[in-house]
1. Between His150, His241, His116, which gets the highest mean-square fluctuation from a Gaussian network model of the chain, Cα cutoff 10 Å?
2. Quick check on the chain: helices-only [θ] at 222 nm, where DSSP H runs of length 4 and up contribute -39,500 (n - 2.57) each and the sum goes over total residues. Nearest 500, please.
3. With each label point set 7 Å from Cα along the Cα-Cβ vector, what nm distance links Lys227 and Ala292?
4. First obtain the Kirkwood hydrodynamic radius of the chain from its Cα pairs, then insert it into the Stokes-Einstein equation at 20 °C and 1.002 mPa s, and state the resulting D in µm² per second as a whole number.
5. In the full protein assembly as shown, how much of Lys215 is accessible to a 1.4 Å probe, in Å² to the nearest 10?
6. Using unit Cβ charges (K, R positive; D, E negative) and no other charged atoms, how large, in debye to the nearest 20, is the dipole of the chain about its Cα centre?
7. What residue among Gly274, Ala258, Ile233 has its Cα farthest toward the positive end of the dipole of the chain, where the charges are +1 on Lys, Arg and -1 on Asp, Glu, each on the Cβ?
8. Can you find, among Pro442, Leu103, Ala398, the residue sitting farthest towards the positive end of the charge dipole of the chain, where Lys and Arg contribute +1 and Asp and Glu -1 at Cβ?
Amino acid sequence: MKPRSASARRRSWLLSAAAAGVVAAGSLAVVGPAEAASTLGASAAQTGRYYGAAIAAGRLGDSTYTRILTTEFNSVTAENEMKWDATEPSQGRFTYTNGDRILNQGIAMGAKVRGHALLWHQQQPGWAQSLSGTALRNAAINHVTQVATHYRGKIHTWDVVNEAFADGGSGARRDSNLQRTGNDWIEAAFRAARTADPAAKLCYNDYNTDGINAKSTGIYNMVRDFKARGVPIDCVGLQSHLGTSLDSTYQANIQRFADLGVDVQITELDVQQGGNQANIYGAVTRACLAVARCTGITVWGIRDTDSWRNDNPLLFDGSGNKKAAYTSVLNALNAGGPTTPPTTPPTTPPTSPPTGPCSATVSLNSWNGGYVATVRVNAGSTAVNGWNVTVPLPAGSAITGVWNATGSGTSGTVSFRNVSYNGQIPSSGYTEFGFQGTGSGPTGSLACAA
């Protein structure tokens, strides 16, 4: 978040906060007991979620900053480095240096990486601000395509469109140069992002949407329409820039989006410091844990001195010390417990290599009328030098795109063979490939030959 948009947004969340009540901690359900973990990321991982931070490439040389980052968090979001003005400063000339620094930091940590944000009415480069109509629409879709393609297969979630709805009681889209290209611009952006990076989760992100209100209902109606028409949308981001209270319908708002069949992510959490800061942080965490499809929380910065706000809204003070809010979050996460706790030890440990030369399993990211399949090819106790995976597709399913493999056929029983750079898998190692299709995707174990 850049400071130039902070003052207007701060006024907005202060108004909404003043009108809302604090969620009572006792009214929020948790998932169950768990063995306590000592860091935010590890605690969140016990529940199948992430706890992340928005980070800046320019601060990665700060030893205190990076120590907290690498110790505490299992997801990272680029604060500004992947936005339009940063990645395409002049039309058709793309630069990814700082975005790649964020990506590589996340990869080095073993963390998920959130991409923020492909299209936004703010922080557009000057050349885009001078365009309109068809010229702007074409430039915007090209931008989505080029950036998402550059990061293809490496970004966990993209904030495809950011802050496209107006504040106030209308529940309508905000006026912007992008909106004036036609009301279907958000849909077009999501379709372009899906084509460019089929494996990434695609999210709509906005602020002042923390409870059930006109703005969040406008977004809800858009998501419901998208799901009904097969527009590829996987998640909704609630920014949650909070003041001194939390809307009493916060959890209910998360739940109603989840009931549409999309994930919910708390994407930019920060809370005004004061007597209620720790309670609000804890309440937000418990609300997310109470909804199975609330998949993670990101705080917008690490230390108070890293924040775009001037009211000390984060979990660590300027010296890097943990605040009471940190303890509140950690306790809530540890109370949350795993989403699917094991009841008996598995017969075969999950880390055991397959008994044959190779095996393959598939996971799906599905939507109405289509899917993306990610296939993991596992080597057994000996190294693999070349592999072939056979996939029986359900009736009505047809493959429309393949990456990291060469496919034979598009329907029925389809086979996939390694490409030049991923045919060799060390013993007990793995590689992955993927494909996109229409209809429903395959499930379960697949046949693998080496």
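The values are calculated or read from the model by the stated rules, or taken from the named source; none is laboratory data. Owing to the predicted nature of the structure, the values given are computational and were not obtained by experimental measurement. Note: ideal-geometry Cβ built from the backbone for every residue, glycine included; neighbour counts use all protein chains shown. Each accessible area value is taken on the protein alone, full model and side chains, heavy atoms only, with ligands, DNA and RNA left out. Shrake-Rupley method; radii C 1.70, N 1.55, O 1.52, S 1.80 Å.
1. The residue with the greatest mean-square fluctuation here is His150.
2. Per the formula, -9000 deg cm²/dmol.
3. Rounded to a tenth, the inter-label distance reads 1.4 nm.
4. In µm²/s, the coefficient is 93.
5. 10
6. 340
7. Ile233
8. Positive-most Cα among the choices belongs to Ala398.
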